[in-house]
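Here is the structure we will look at, set down as structure tokens.
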Amino acid sequence: MTKNLTDTELYDGDDEEGATPEAASIELQLTPEFCGVRLDKVLSQLIPEYSRSRLQQWLDDGHITVDGQPAKGKTLALGDEMIVVRPQAAPEDNAFKPEAMDLAILHEDAALMVIDKPAGLVVHPAAGNWSGTLLNGLLHHFPAIAGVPRAGIVHRLDKETSGLMVIAKTLQAQTDLVRQLQARSVKREYLALVWGLPQISGKIDAAIGRHPRDRIKMAVSDNASAKPAVTHYQRIATGTLDGRPVSLVRCQLETGRTHQIRVHMQSIGFTLVGDPLYGKPHLAPVFPRQALHAYRLGLIHPVSGKEAEWQSALPEDFAALLARTAIDAGVIG
């Protein structure tokens, strides 16, 4: 068997879509010893530097040919074929690339930005969302932010949660903001529409950890691995939605755990309207996302040392949802 590398080929795309040169093609001239062996096994043996799952993806996508024809992994080798493998970049390889996007920037100075994130925008690249994230947009808007860990992101919002986020533009600002978050001095207030009628106000002090049976969920937990979590809430208005009582609740976070408000409100019996993960399945279609909006953000500016605060207007979908409940948005203040 001989193994050769050909000249580098370009991905079939254009620069605006983030095309990048791929690795050199690999030519594999098989010998009789491979006769009767499945092609996918031949490939994993001859080029072990690539995982079986990645090789299978290239087979499925037509990036591996046998004597010039698209290859199939289950095909048995004859032992005299010429196999050409054209390695492709995995989606995660291009995760930290700048991408042009419209960012709703409420404030920007030399140290930080305050972004009004729309629902549907993923904050950070991860499995299933390797591009089109807020991080990609930040790298395009301010290329120097690539020198700040996580492109300056110091806290996150769930994909379907809208509202305010602060982004550090320098390492010094990020360090200061992270310390403020750890000291619980950053003011983060959310608006949530929940099913039912919780008491006028309350404090939920319950640690949150990974759900014991569903790994994509979080849950209130007393396990040693669970992290402290505190949410203060206040009921500010009530109404009805499809004949069921609902309440508009203002939530203030002391901590910032994954899914904190959604998990805490569920733990006391008041799930968020539209929540497909923690709500009741038959009620989720009422609204296409969890009704949660980060509407107020306050902090100490890391350079000036002065208090700063921003407020976000309700997005159109949330405002339309409130209109269906007969709750007057003017109560928000």
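Residue-by-condition table, conditions (1) part of a loop (DSSP other than H, G, I, E, B); (2) surrounded by fewer than 16 Cβ atoms within 10 Å (Cβ to Cβ); (3) in contact (Cβ under 8 Å) with a residue 24 or more places away in the chain:
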| residue | (1), (2), (3) |
| --- | --- |
| Ala192 | no, no, yes |
| Pro245 | no, yes, yes |
| Thr255 | yes, no, yes |
| Gly269 | yes, yes, yes |
| Leu277 | yes, no, yes |
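Just to be sure before I move on: is Val42 in the same structural domain as Ala24 (by TED's automatic domain parsing), crowded, with 18+ Cβ neighbours inside 10 Å and outside any loop (DSSP other than H, G, I, E, B) in the structure I sent?
yes
Looking at the range 279-297 only, could you name the residues that are in contact (Cβ under 8 Å) with a residue 12 or more places away in the chain and within 22 Å of the chain's Cα centre (by Cα)?
Of everything in the range 279-297, those that are in contact (Cβ under 8 Å) with a residue 12 or more places away in the chain and within 22 Å of the chain's Cα centre (by Cα) turn out to be Gly279, Phe287, Pro288, Arg289, Gln290, Ala291, Leu292, His293, Ala294, Tyr295, Arg296, Leu297.
Just the residues that are of a type in the set (Val, Ile, Thr) and closer than 21 Å to Ala119 by Cβ, please, taken from the range 137-171.
Of the range 137-171, the ones of a type in the set (Val, Ile, Thr) are 145, 148, 153-154, 161, 166-167, 170.
Ile153, Val154, Thr161, Val166, Ile167, listed by residue number.
Here is a yes/no grid of residues against (1) part of a helix (DSSP H, G or I); (2) outside the structural domain of Arg296 (by TED's automatic domain parsing); (3) out of contact with any strand residue (DSSP E or B) (no Cβ under 9 Å at 6 or more places or on another chain):
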| site | (1), (2), (3) |
| --- | --- |
| His140 | yes, yes, yes |
| Arg156 | no, yes, no |
| Lys159 | no, yes, no |
| Ile167 | no, yes, no |
| Val178 | yes, yes, no |
| Glu189 | no, no, no |
| Pro198 | no, no, no |
| Ile204 | no, no, no |
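Scan the range 291-330 residue by residue and report those that are on the phi > 0 side of the Ramachandran plot and at pLDDT 95 or above.
Passing the criteria: only Gly305.
Is there a residue in the range 85-96 that is at pLDDT below 95, more than 16 Å from the chain's Cα centre (by Cα) and crowded, with 19+ Cβ neighbours inside 10 Å? It would help to see each step written out before you state the result.
First, pick out the residues of the range 85-96 that are at pLDDT below 95: 85-96.
Right, trim to more than 16 Å from the chain's Cα centre (by Cα) and you get 85-90, 93.
The next check asks that each one be crowded, with 19+ Cβ neighbours inside 10 Å; those that pass are 85, 87.
The answer is yes; a qualifying residue exists.
This table checks each residue for (1) assigned to a loop (DSSP other than H, G, I, E, B); (2) closer than 30 Å to Lys159 by Cα.
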{"residue": "Tyr50", "(1), (2)": "yes, no"}
{"residue": "Ser53", "(1), (2)": "no, yes"}
{"residue": "Trp58", "(1), (2)": "no, yes"}
{"residue": "Thr65", "(1), (2)": "no, no"}
{"residue": "Val84", "(1), (2)": "no, no"}
{"residue": "Pro98", "(1), (2)": "yes, yes"}
{"residue": "Asp102", "(1), (2)": "yes, yes"}
{"residue": "Val114", "(1), (2)": "no, yes"}
{"residue": "His124", "(1), (2)": "yes, yes"}
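Which condition does Ala23 not pass, out of (1) among the small types (Gly, Ala, Ser); (2) at pLDDT 90 or above; (3) surrounded by 14 or more Cβ atoms within 10 Å (Cβ to Cβ), if it passes all the others?
Exception for Ala23: condition (2).
Restricting to the range 201-212, and then to whatever is in contact with a Lys or Arg (Cβ under 8 Å, 6 or more places away or on another chain) and within 25 Å of Leu164 (Cα to Cα), can you tell me which residue is surrounded by the fewest Cβ atoms within 10 Å (Cβ to Cβ)?
Looking at the filtered set, the residue picked out is Ser201.
What is the residue count in the range 311-325 for residues that are out of contact with any Asp or Glu (no Cβ under 9 Å at 6 or more places or on another chain), part of a helix (DSSP H, G or I) and closer than 15 Å to Gln290 by Cβ?
3
The values are calculated or read from the model by the stated rules, or taken from the named source; none is laboratory data. Note that the coordinates shown come from a computational prediction; the quantities given were computed from them, not determined experimentally. Reconstructed Cβ throughout: ideal geometry from the backbone, glycine too, with neighbour counts over all protein chains shown.
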